[in-house]
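Everything below concerns the one structure shown next.
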Amino acid sequence: MAGQGARFGYRFKPFLEVCGKPFIEAAFAPFRPWLSEIDKVYFIFTEEQDRAHDVSGRLSRIFADVRHECAVLPAPTDGPAETLRQCLEMKAIAGPILVCDCDHAVDVDDLMRTAQDPEVACAVPTWDLAGENHAAWGIAAIAANGWIDAIAEKKLPERGASFRGVIGCYYFADAGRVRRFIVETRKPYLSDVIATYLENGEPVRSVAVHEAQFFGDPARLAQVSGDPVEAFGTRRYV
């Protein structure tokens, strides 16, 4: 939640509405059936955002039934990887984690099932790139067995035959390891961190997603909001 919302004129994106709900509430909705598997939810944003938008207070009301904490950063970071690192250190988070952006609602059922596989070090939901602008996506090269061979940000990886878009919702089996890789890569994107997993021979699984709502820019938000309000999972949104 700590982004600056440049695509929306620097408005605070998590509280903009999609189909009558704040982005953050819509983004979290697919996780609700899995609450019994989730120890705690951490919402990450900045002190300035909290002062301007009463983020902590509004979240406490929206998620009154969810065990959660707020990780309030002193200043904006240079990207999502650093944002995650600061949260992990601030809250002393250990063990398996899920990291999800606030501007999409993704069918996470297969991701949650994959997270229970002890052989998986990292799992990444991926999306069919047909008709998509590659410059707007992190892109993964997918092997025939479903494992990811390579990953690149906003371009096709240099190797691979089958490519899918990376959705900003990730599973990592070990929070300590991902924090270490963030420090070592010193790059802004989590796709750079996942590339480090691959370089180290860590098994990274693609989880194909076929149902999602994307509302990360005004055009996609208009596309979703212009449709009749329907229960999540009843149709494919692009």
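The values are calculated or read from the model by the stated rules, or taken from the named source; none is laboratory data. Since the model is a prediction, treat every value here as computed from it, not as a measurement. We place every Cβ from the backbone using ideal geometry, glycine too, and count neighbours over all the protein chains shown. These area figures cover heavy atoms from the full protein model, side chains too; ligands, DNA and RNA do not enter into them. Shrake-Rupley method; radii C 1.70, N 1.55, O 1.52, S 1.80 Å.
Between Lys154 and Asn133, 0.36 nm times their residue separation minus their Cα-Cα distance comes to what?
Taking 0.36 nm per residue and subtracting the Cα distance, the gain is 6.7 nm.
Per-residue surface analysis assigns Ser225 an accessible area of about 50 Å², computed on protein heavy atoms at 1.4 Å probe radius. Take Lys154: with every protein chain present and a 1.4 Å probe, its accessible area is about 80 Å². Sorting Glu48, Glu211 by accessible area puts them as Glu48, Glu211; the probe is 1.4 Å, largest comes first, and only protein heavy atoms count. Each Lys or Arg adds one and each Asp or Glu takes one away; over the other residues whose Cβ falls under 14 Å from the Cβ of Pro218, this sums to +1. Its Cα gyration tensor gives the chain an equivalent ellipsoid, and the semi-axes of that ellipsoid, as √(5λ) in whole Å with the largest first, are 26, 22, 18. Compute the whole-percent fraction of alpha carbon pairs in the stretch 1-104 spaced more than 15 Å apart. Looking at the stretch 1-104, the distances longer than 15 Å represent 63 percent of pairs. Taking all protein chains as shown and a probe of 1.4 angstrom, Ser162 keeps an accessible surface of around 60 Å². Largest accessible area first, the listed residues Cys70, Cys87 line up as Cys70, Cys87 when surface is computed with a 1.4 Å probe on the assembled protein chains. Give the dimensionless ratio obtained when the Cα radius of gyration of the stretch 119-236 is divided by 2.2 N^0.38 Å. Cα Rg divided by the expected 2.2 N^0.38 Å: 1.13. With each label modelled as a point 7 angstrom along the Cα→C-beta vector, the Asn145-Arg11 pair spans 4.8 nm.
Applying a 4.7 Å Cβ-Cβ cutoff to the chain, the cysteines left without a disulfide-compatible partner are Cys19, Cys70, Cys87, Cys102, Cys122. Ligands, DNA and RNA left out, the accessible area of the stretch 1-96 computed with a 1.4 Å probe is 48% carbon and sulfur. Basic side chains Lys and Arg get +1 at the Cβ, acidic Asp and Glu get -1 at the Cβ, and with that the dipole of the chain about its Cα centre reaches some 280 debye.
Shown here for the stretch 35-109: trypsin sites (Lys or Arg not before Pro) in loop regions (DSSP other than H, G, I, E, B) with at most 15 other Cβ atoms within 10 Å, namely Lys40, Arg67, Lys91. Just grab the label-to-label distance for Lys40 and Arg67, each label 7 Å out from Cα along the Cβ direction, in nm (one decimal). Going from the Lys40 label point to the Arg67 one covers 0.9 nm.
Heavy atoms only, probe 1.4 angstrom, no DNA, RNA or ligands counted: give me Glu119, Glu158, Glu132 ranked by accessible area, highest first.
Numbers: Glu119 125, Glu158 195, Glu132 35 Å².
My answer, sorted largest first, is Glu158, Glu119, Glu132.
If you build a Gaussian network model of the chain, linking Cα atoms that sit under 10 Å apart, which residue out of Ala173, Ala150, Ala92 swings the most? Of Ala173, Ala150, Ala92, the most mobile in the Gaussian network model is Ala92.
In the full protein context, the chain carries 48 Å² of accessible surface per residue, based on a 1.4 Å probe and ignoring ligands, DNA and RNA. Using the Cβ-Cβ distance between Asp117 and Lys21 with R0 = 41 Å, the FRET efficiency computed as 1/(1 + (r/R0)^6) comes to roughly 0.80.
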